[in-house]
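One structure is given here, and the rest of the page talks about it.
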């Protein structure tokens, strides 16, 4: 069972994530208000917000998934508290370095920092190494945690068992819990893409310190950037899914989900697809070998099969005509899965090369990834945060304001996202601080999006106050309960 | 095309939302002894097979129409060299010298004839996106330093077309633009 120290650090993670999420939503609203011509910021300031917003968001929802995995993993095996602390210290340090580089150094190359933009200095000279250093520091923290977690899993489950390969045979003698299987698959993906980030940063450093003697290859750097960026942004979602597999049936009073041959097959295939789907970010680079482009579309399509056929289907089967016990926790999981599916539909449309030809880098892109994050992954983590925070509370009014919170989340989220989808269909470019006269609808849409995002923010604020209050009690409690 | 994509998405999203709502409501009405779908494995198999077939059809129809294969067997009547740089596009019928980059003041191209754009960048990554007269994105490629992307296109309608940068390239990204005249 988990220790008091783990409860406390989990509480600290949750408060940190929710606080940073609120700040980050405010940054998003500021950006939309600027595009709506309500605010009038310098373009460089807008792009500094954009850089901060993107990378902070990836960071906090990645560690939110990590927090859930770490806490629940103690049901199966002992995890390293030290690795958890190292990840916490380095994540917070990395975020502070990032914010210093963007708001004091004015670094604004975007969270994808596409080579060679960070090296074309349009900001304080020190901001580029500080920004790249912030990714290194966060990456080292996450790598430490991931390697530690994987080591602990492998101490109890040999690799083939952790990957549930014995389920491909009839009547396996050992059952691999789905939570272990998904965690293992996700950890392999995370470690692989973080090693890609190490290589990317090493190549940046080589050029930065070579005084012009060494120049990187832009196509290779772009492939590495998206191998890291796309994969980490998706793996954070899979961390949330592992939590669903563990908690959704339990909270609903349904039988615990077991690994079967098709669950094992689906998740092992997911690992392959998730590591090759990133090619779809380079569709518009026609010099990329065509084979990679086709692999990008097929892998992206195939990635949706195990997700829909196993995870989504299992959630629907667990609910359809069953006397499942509903609570805020599994309502959030359920709605989150719906949001993930709808965001996935937007993504499948975008990864079709012929569609991408007219959608790439329009507002369609933030539309779909905000859908499976703001109405998917965020809800998975909120469900875990809520569930965790009520475990050690004596009060019983845990479901207070449930209808209000969910209504605000849905109205705010759907309205905010629709503005992106309509903008994408109207060919509006993404990452524009202001829109030219060709797009007269861009400003009204941005204002509408800001209003709906504020409604979404109101829901998150209620979650923040309720969950943080209970987490603070856990943090400062001296008793074991 | 984009409007059809939006309608397709909204229909699929609406159907998904209905399925989730229906499943949720079914659990509200369920008695204590109800155990859901009698044979979920069989239903799962059919669901996956249908999904696989749909995606397979989509892939086999769309991949051959990818921009890499557009007009591949034809010879372009004009070749336009494009060099993108922070924060402008240089375009010329002749190859552009990166050491002394100069573009032409205006570019006129014929309607309904194949044109090839050879797009590169002199500094960072940019996007080369062509918008028609109703400001709809009709074709694009990336401008990458050290590489030349070849975009082949036939303009159907005469008129003025706008080029916008669609890859974030720095603080004046949003004003990076050019135009083409099709006659």
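The values are calculated or read from the model by the stated rules, or taken from the named source; none is laboratory data. Everything quoted here is computed from the prediction, not taken from an experiment. We place every Cβ from the backbone using ideal geometry, glycine too, and count neighbours over all the protein chains shown.
For the stretch A:177-204, the set of residues classified as crowded, with 21+ Cβ neighbours inside 10 Å and over 20 Å from residue A:147 (Cα atoms) consists of A:204 only. Scoring residue A:285 on the criteria (1) part of a helix (DSSP H, G or I); (2) in contact with a strand residue (DSSP E or B) (Cβ under 6 Å, 6 or more places away or on another chain) leaves a single failure, condition (1). The numbered conditions (1) within 11 Å of another protein chain (Cβ to nearest Cβ); (2) surrounded by fewer than 24 Cβ atoms within 10 Å (Cβ to Cβ) are all true for residue A:367 except (2).
When the stretch B:129-155 is limited to residues that are more than 9 Å from chain A (Cβ to nearest Cβ) and in a strand (DSSP E or B), the one that is surrounded by the most Cβ atoms within 10 Å (Cβ to Cβ) turns out to be B:143. Considering the stretch A:405-442, and only residues there that are crowded, with 18+ Cβ neighbours inside 10 Å and away from chain B (no Cβ under 12 Å), the residue that is farthest from residue A:362 (Cα to Cα) turns out to be A:405. Could you check, for the stretch A:291-311, whether at least one of its residues is out of contact with any strand residue (DSSP E or B) (no Cβ under 7 Å at 6 or more places or on another chain), in a loop (DSSP other than H, G, I, E, B) and surrounded by 23 or more Cβ atoms within 10 Å (Cβ to Cβ)? There is no residue in the stretch A:291-311 that is out of contact with any strand residue (DSSP E or B) (no Cβ under 7 Å at 6 or more places or on another chain), in a loop (DSSP other than H, G, I, E, B) and surrounded by 23 or more Cβ atoms within 10 Å (Cβ to Cβ). Evaluating residue A:39 against the criteria (1) in contact (Cβ under 8 Å) with a residue 24 or more places away in the chain; (2) in contact with a helix residue (DSSP H, G or I) (Cβ under 6 Å, 6 or more places away or on another chain) leaves one unmet condition, (1). Within the stretch B:172-183, the only residue that satisfies the criterion of being facing another protein chain (nearest Cβ under 10 Å) and assigned to a strand (DSSP E or B) is B:177.
Against the conditions (1) more than 9 Å from chain B (Cβ to nearest Cβ); (2) over 20 Å from residue B:141 (Cβ atoms); (3) touching a residue at least 24 places away in the same chain (Cβ under 8 Å), residue A:348 satisfies every one except (1). The sole residue among B:60, B:66 that is at negative phi, surrounded by 15 or more Cβ atoms within 10 Å (Cβ to Cβ) and either at pLDDT 95 or above or within 9 Å of another protein chain (Cβ to nearest Cβ) (or both) is B:66. Given the conditions (1) in contact with a helix residue (DSSP H, G or I) (Cβ under 7 Å, 6 or more places away or on another chain); (2) at pLDDT 95 or above, which single one is not true for residue A:238? Unmet condition: (2).
Does residue A:309 qualify as being more than 8 Å from every other protein chain (Cβ to nearest Cβ) and touching a residue at least 40 places away in the same chain (Cβ under 8 Å)? Give the steps one after another, and end with the answer.
Numbers: more than 8 Å from every other protein chain (Cβ to nearest Cβ): no; touching a residue at least 40 places away in the same chain (Cβ under 8 Å): yes.
Criteria not met by residue A:309.
Scanning the stretch A:320-337 for residues that are surrounded by fewer than 24 Cβ atoms within 10 Å (Cβ to Cβ) and within 7 Å of chain B (Cβ to nearest Cβ) yields A:320, A:321, A:322, A:323, A:324. Of the residues contained in the stretch A:251-262, none is found to be under 27 Å from residue B:142 (Cβ atoms), more than 11 Å from chain B (Cβ to nearest Cβ) and either assigned to a loop (DSSP other than H, G, I, E, B) or free of Cβ contacts under 8 Å to residues at least 40 places away in the same chain (or both). Residue check: residue A:399 meets all listed conditions (1) surrounded by fewer than 16 Cβ atoms within 10 Å (Cβ to Cβ); (2) part of a helix (DSSP H, G or I); (3) over 22 Å from the mean Cα position of the chain (by Cα) but one, namely (2).
Condition check: loosely packed, with under 15 Cβ neighbours inside 10 Å and not assigned by TED's automatic domain parsing to the domain that holds residue B:112. Does residue B:9 satisfy that? Here the answer is no, as residue B:9 does not meet what is asked.
Of the residues making up the stretch A:114-137, those that are facing another protein chain (nearest Cβ under 10 Å), surrounded by 20 or more Cβ atoms within 10 Å (Cβ to Cβ) and in contact (Cβ under 8 Å) with a residue 12 or more places away in the chain are A:114, A:115, A:116, A:118, A:123. Given the structure, is residue A:381 at pLDDT 95 or above, crowded, with 21+ Cβ neighbours inside 10 Å and in a loop (DSSP other than H, G, I, E, B)? No: the conditions fail for residue A:381. Could you say which residue among B:41, B:12 is farther than 26 Å from residue A:323 by Cβ and facing chain A (nearest Cβ under 9 Å)? On inspection, the qualifying residue turns out to be B:12. Can we say residue A:278 is surrounded by fewer than 22 Cβ atoms within 10 Å (Cβ to Cβ) and free of Cβ contacts under 8 Å to residues at least 60 places away in the same chain? Taking the combined requirement at face value, the residue does not satisfy it. Is it the case that the stretch B:112-126 has a residue that's on the phi < 0 side of the Ramachandran plot, within 11 Å of chain A (Cβ to nearest Cβ), free of Cβ contacts under 8 Å to residues at least 60 places away in the same chain and touching a helix residue (DSSP H, G or I) at 6+ places or on another chain (Cβ under 6 Å)? Scanning the stretch B:112-126, I find at least one residue that is on the phi < 0 side of the Ramachandran plot, within 11 Å of chain A (Cβ to nearest Cβ), free of Cβ contacts under 8 Å to residues at least 60 places away in the same chain and touching a helix residue (DSSP H, G or I) at 6+ places or on another chain (Cβ under 6 Å), so the answer is yes. Scanning the stretch B:18-38 for residues that are surrounded by fewer than 17 Cβ atoms within 10 Å (Cβ to Cβ), within 9 Å of chain A (Cβ to nearest Cβ) and under 37 Å from the mean Cα position of the chain (by Cα) gives B:19, B:21, B:22. Among the candidates A:105, A:94, the residue that is at pLDDT 95 or above and over 21 Å from the mean Cα position of the chain (by Cα) is uniquely A:105. For the stretch A:205-221, filtered to residues that are within 14 Å of chain B (Cβ to nearest Cβ) and closer than 27 Å to residue A:233 by Cα, the residue that is surrounded by the fewest Cβ atoms within 10 Å (Cβ to Cβ) is A:220.
Has the stretch B:83-100 got at least one residue that is within 26 Å of residue A:429 (Cα to Cα), facing chain A (nearest Cβ under 10 Å), in contact (Cβ under 8 Å) with a residue 24 or more places away in the chain and in contact with a helix residue (DSSP H, G or I) (Cβ under 6 Å, 6 or more places away or on another chain)? For the stretch B:83-100, residues within 26 Å of residue A:429 (Cα to Cα), facing chain A (nearest Cβ under 10 Å), in contact (Cβ under 8 Å) with a residue 24 or more places away in the chain and in contact with a helix residue (DSSP H, G or I) (Cβ under 6 Å, 6 or more places away or on another chain): absent. For the stretch B:156-171, filtered to residues that are in contact (Cβ under 8 Å) with a residue 60 or more places away in the chain and surrounded by fewer than 24 Cβ atoms within 10 Å (Cβ to Cβ), the residue that is nearest to the other protein chains (Cβ to nearest Cβ) is B:170. For the stretch B:39-80, the tally of residues that are within 21 Å of the chain's Cα centre (by Cα) and in a strand (DSSP E or B) stands at 1.
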